[in-house]
Amino acid sequence: MNRREFLQAVAASAAAYFPSGIMAGTPPEQRQLTRVIPTSGERIPAVGMGTYISFDADRDPARKRRLREVLRIFHAAGGRLIDSSPMYASAEQVFGELSSDLNVNPDFFVATKVWTRGAAAGREQMRTSLRKLGREKIELMQIHNLLDWRAHYPTLRRWKSEGRFRYIGVTHYTTGAFAELERVLKAEAFDFVQLPYSVATREAERRLLPFCKDRGIGVIVNRPYEGGDLFRMVRGRALPEFARELDCDSFGQLFLKFLLAHPAVTCVIPATSKPRHMRDNMGAGLGRLPDRRQRERIAALLFSGAQSS
């Protein structure tokens, strides 16, 4: 082994074992926190992006221009996982158009969903999604809200084996579905589950997150801001002093880092149509994460009138 090969081997080893999953020695825009996908060992950036409501913009040229900038910022900051669904109106189509226009479509870890009844209808819907997304293959196909999951599962397994999908998963947006999610994940082999989890909604911590950690199932967190309710709960309040200990410049970053500090969480997917919010979201993937004590201090911000310091 010559010197160059030795240095390359050292760099690869450091990347594999760096405790936080943050790549050292790279430009700032590439230092995003990464997480391992349990079933493959592949690393992906831990801050992703959702498209619900935000990317439904096919009839609004001005909004599409803003979304183009949102997507550019997300990509430049090291973001890769983007989540969509046929349920989200024009979101798949808009992402496909904008990512192709920016010439970055192949760079993304694309996740979408099947959301219909019947195996044949599911196959047709998934073909349509691939076309709208500008892809022949995608990284992750999920069964949206467990709708007719038994009918769709064989297709997902087969298309994964054929290379159309790299990973498959199931999703839901309510905590009331957690028991069913657990039953499905016990019954069949899925790579990912997508579920609601936030500083204010911590039901997932009781059983489902530990279960996924033990079973080696990746977790994608939806509704991390509770549709904006978390910001309303801290409106008019100053950012606490301890936010500096976590390299946070905003409440949004504190809320996301609270989630990212849980060892079962693979990726969070806040949605936005505003460039400045996208920049802020991506800041949550940089710097230090909270420990157990700091996580509880973040949670206390929502339920205390007095500011923590």
Unit charges at the beta carbon, dipole of segment 32-188: most positive-side option, Thr51, Ala119, Thr175: Ala119
Extension reserve of the Arg276-Met87 stretch, reckoned as 0.36 nm per residue once the Cα distance is removed: 65.4 nm
Label-point separation, Arg237 to Ala299 (7 Å along Cα→Cβ), nm: 1.5 nm
Exceeding the 28 Å Cα-Cα cut-off - candidates Lys213/Lys257; Lys132/Lys160; Lys132/Lys257; Lys113/Lys186; Lys64/Lys213; Lys132/Lys186: Lys132/Lys257; Lys64/Lys213; Lys132/Lys186
Identify, among Val199, Leu246, Gln93, the residue whose Cα sits farthest towards the positive end of the charge dipole of the chain, taking +1 on the Cβ of Lys and Arg and -1 on the Cβ of Asp and Glu, with the dipole about the Cα centre. Gln93
Find how many whole Å separate the alpha carbon centroid of segment 269-285 from the alpha carbon centroid of segment 102-141. 24 Å
Length gain on complete extension for the stretch Arg157 to Ala119, per 0.36 nm per residue less the alpha carbon to alpha carbon distance? 12.4 nm
Taking amide H positions as placed 1.01 Å from N in the peptide plane, with prolines and chain starts having none, which residues 5 or more places from Tyr167, or on another chain, fall under 5 Å of its amide H? Leu140, Met141
What full-extension length gain, to one decimal in nm, is calculated for Asp58 and Asn103 as 0.36 nm per residue of separation minus the Cα-Cα distance? 14.3 nm
Neighbour-count ranking [beta-carbon atoms within 10 angstrom, fewest first] of Thr174, Thr51, Thr34: Thr174, Thr34, Thr51
Simple SL model, points at 7 angstrom along Cα→Cβ for Arg206 and Glu136; separation in nm is 4.8 nm
With +1 on each Lys and Arg Cβ and -1 on each Asp and Glu Cβ, and nothing else charged, work out how big the dipole of the chain is about its Cα centre, in Debye to the nearest 20. 100 debye
Under a Cβ-only charge scheme (Lys and Arg +1, Asp and Glu -1), can you give me the dipole magnitude of segment 209-271 about the Cα centre, in debye to the nearest 20? 180 debye
Take every DSSP beta bridge whose two residues both sit in the chain, then give the antiparallel share in percent to the nearest 5. 15 percent
Among DSSP bridges having both ends in segment 97-197, what percentage is antiparallel? Round to the nearest 5. 0 percent
Give the span of segment 29-72's Cα atoms along each principal axis, as three whole-Å numbers ordered largest to smallest. 40, 23, 11
Please identify the trypsin sites (Lys or Arg not before Pro) of segment 233-283 that satisfy two criteria: DSSP loop assignment and at most 14 other Cβ atoms within 10 Å. Which are they? Arg235, Arg237
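Read-outs: derived from the displayed coordinates by stated rules, not from any lab. From a predicted model like this one, the values you see are computed outputs, not experimental measurements. Every residue, glycine among them, receives a Cβ derived from its backbone with ideal geometry; neighbour counts consider all protein chains shown.
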